[in-house]
1. Which residue, GLN208, LEU15, SER73, has the largest displacement toward the positive end of the dipole of the chain when charges sit on each Cβ (Lys, Arg +1; Asp, Glu -1)?
2. What are the semi-axes of the equivalent ellipsoid of region 28-113, taken as the square roots of 5 times the eigenvalues of the Cα gyration tensor, listed largest first and rounded to whole Å?
3. Could you state the number of Å between the C-alpha centres of region 150-196 and region 74-123?
4. Using unit Cβ charges (K, R positive; D, E negative) and no other charged atoms, how large, in debye to the nearest 20, is the dipole of region 199-262 about its Cα centre?
5. Using amide H atoms built in the peptide plane, which far-off residues or other-chain residues are under 5 Å from TYR52 H to H?
6. If you place +1 on the Cβ of every Lys and Arg and -1 on the Cβ of every Asp and Glu, how big does the dipole about the Cα centre of region 162-211 come out, in debye to the nearest 20?
7. Once you have a ≥ b ≥ c as the square roots of the Cα gyration tensor eigenvalues for region 34-175, tell me rounded if a/c is under 1.5, and otherwise prolate or oblate according to whether a/b is larger than b/c.
8. Taking the Cα centre of region 31-106 as origin, work out the dipole magnitude from +1 charges on Lys and Arg Cβ and -1 charges on Asp and Glu Cβ, in debye rounded to 20.
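What follows is calculated from the coordinates using simple rules that are stated; it is not laboratory data. Bear in mind that the values here come from a model prediction, so they are computed numbers and not experimental data. Cβ coordinates were reconstructed from backbone atoms using ideal geometry, including for glycine residues, and neighbour counts include every protein chain displayed.
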Amino acid sequence: MKNVVITGSTRGIGLAMTKVFLREGCNVTISGRSASIPDTLNKELLKYNGKYQYISCNVRKRSDIEVLWEKASDQWGSIDIWINNAGQNCPYEFSYDTAASAVDAVIDTNIKGVIFGSQVAAKNMLLQGGGQIWNMEGLGSNDMLQVKTILYGTTKHALTYFTRGLAKELAGTPVKAGRLSPGMMLTDFITKTPEGYESPVIKNKSFQFVFNTLADRPETVAAFFVPNMLKNKKNDAHLVWLTNAKSIARFMKSPFVKRKLI
Ligand SMILES: NC(=O)c1ccc[n+]([C@@H]2O[C@H](COP(=O)([O-])OP(=O)(O)OC[C@H]3O[C@@H](n4cnc5c(N)ncnc54)[C@H](OP(=O)(O)O)[C@@H]3O)[C@@H](O)[C@H]2O)c1
């Protein structure tokens with residue numbers, strides 16, 4: 001039974017991983033920017049074996065992340081697994097058209113939020129004598145260039161470099177850093193704009209084909225990540241859901257196997 005913290009776990013893959021950890025009997029600190037989570041979600045989470053608490057944390061603020069560590073370790077004693085999952089997409093438009101406020105949001109959340117989260121977790125895990133830090137990759141982590149998603153890809157490219165470097169810096173210590181590569185998932189992140197409206201990308205026919213071929217529900221990806229994190233003993237581990245082989249197989253099967261997510 002492990003004590004787990006997940007940033008950005010009110011929805012999407014963060015919430016899906018929370019449920020798998022709770023099913024495994026872990027104690028989970030979930031978080032997001034709101035002061036609290038809806039009663040319906042509280043009722044649902046109470047059904048699982050493990051215990052949970054919700055702590056408000058905007059990863060753009062380092063002080064919030066420090067409070068998240070303090071409250072989680074006060075509650076459970078120590079933290080075994082810390083997942084920097086909170087992420088923001090950029091507006092679906094050319095990078096040169098994107099407003100400064102949207103540039104700030106995506107850089108602050110995906111780069112600074114992950115760096116602050118990793119710093120707070122690494123320093124405290126070194127003090128407590130061990131732990132694992134996992135950072136959530138995305139488009140750009142593998143160098144792919146996708147127009148109108150360049151700002152987001154820039155942040156994930158940086159996150160991958162940072163996390164590999166962090167693992168190198170932690171080598172020989174009892175603290176490990178690793179990366180989670182989820183592929184494509186049907187979440188608000190894809191279907192909605194950062195402001196919560198329907199995303200224009202889901203009306204694009206070629207995007208629909210690629211997404212329906214390659215994407216999965218977050219629950220499927222969480223069911224792969226969580227057991228592998230729980231048994232991981234390696235520093236610099238890289239858990240990849242959508243491998244190149246799986247992508248090729250899905251494209252080859254696409255004329256015969258119809259997958260429809262959007
Ligand atoms: N969906 C995909 O296809 C895909 C593919 C590759 C990688 N990813 C990555 O997976 C991660 C989760 O994405 P998702 O698809 O699950 O997205 P999602 O459903 O939109 O969920 C995003 C989560 O992040 C939280 N969040 C956003 N900004 C935050 C901030 N400043 N501080 C704290 N929490 C914040 C949100 O919580 P509140 O709104 O409650 O604050 C929410 O819980 C992201 O890092 C994303 O880049 C997603």
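1. Most positive-ward Cα: GLN208.
2. Numbers: eigenvalues 172, 51, 21 Å².
Values for region 28-113, descending: 29, 16, 10 Å.
3. 9 Å
4. Computed about the Cα centre, the dipole is about 220 debye.
5. VAL28
6. Working: 7 positive and 4 negative charges, 52 e Å.
The dipole of region 162-211 has a size of about 240 debye.
7. Numbers: a/c = 2.15, a/b = 1.32, b/c = 1.62.
In terms of gyration-tensor shape, oblate.
8. Numbers: 8 positive and 10 negative charges, 51 e Å.
Dipole magnitude for region 31-106 comes out near 240 debye.
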